[in-house]
Amino acid sequence: MRNLTLLMAGLIVSIVLPVMASAASLLWTIDNDYNRDVSVEFYSQDRNHVWPGNNQVYVVTPNEGNATFNLTCNHNELICYGAWARGSSSTYWGVGANDSYNCSNCCARCGLGNVEPIQLLP
């Protein structure tokens, strides 16, 4: 009976521990210096996940100072930001609305340090 108890405890630890260890966070800071409100979303490149999700967006108003977004994500998950002028997805930063565009410096890995502040300029 003792061996069965130890076996079950080991099994539980081997299942739960990797899941707990994979949780991490990534802090983004965005400063909107554009002259209109900007919608912002964050897109995982490793799984089908968007922050904030549920057909919602973060809204950053012009010249309000730094807006911060602390995402809970999987360790080492690649996340890119997309921002666009509200009502005009043709004016965009990063990957834009719906992860539509490529970019060279708009992504970061979760759990490997915070992202340098991003300034959205006209």
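Any idea which of SER88, SER104, SER100 is among the hydroxyl-bearing types (Ser, Thr, Tyr) and either touching a His at 6+ places or on another chain (Cβ under 6 Å) or modelled with pLDDT of 95 or more (or both)?
Only one candidate passes the filter, namely SER100.
Just checking: which of the strands (runs of 3 or more DSSP E) contained wholly in region 29-100 hold 1 or more residues that are under 12 Å from the mean Cα position of the chain (by Cα) and not polar (S, T, N, Q)?
Once the strands (runs of 3 or more DSSP E) in region 29-100 are filtered for at least 1 residues that are under 12 Å from the mean Cα position of the chain (by Cα) and not polar (S, T, N, Q), what remains is 38-44, 58-60, 66-74, 78-85.
Take region 91-107 and flag every residue that is open to solvent by 20 Å² or more (accessible area, probe 1.4 Å) and touching a Cys at 6+ places or on another chain (Cβ under 9 Å).
Residues satisfying the conditions are TRP93, ASP99, CYS103, CYS107.
Looking only at region 59-90, count every residue that is exposed (fewer than 14 other Cβ atoms within 10 Å of the Cβ), out of contact with any Leu (no Cβ under 8 Å at 6 or more places or on another chain) and hydroxyl-bearing (Ser, Thr, Tyr) and tell me the total.
Going through region 59-90 one residue at a time, the tally reaches 4.
So which residues in region 36-58 are buried (at least 18 other Cβ atoms within 10 Å of the Cβ) and farther than 21 Å from THR91 by Cα, if there are any at all?
Residue satisfying the conditions is SER44 alone.
The values are calculated or read from the model by the stated rules, or taken from the named source; none is laboratory data. Here the structure is a predicted model, which is why all the values come from computation and not from measurement. Glycine gets a Cβ as well: all are built from the backbone with ideal geometry, and neighbour counts include every protein chain shown. The accessibility values were calculated without ligands, DNA or RNA, using every heavy atom of the protein model including side chains. Shrake-Rupley method; radii C 1.70, N 1.55, O 1.52, S 1.80 Å.
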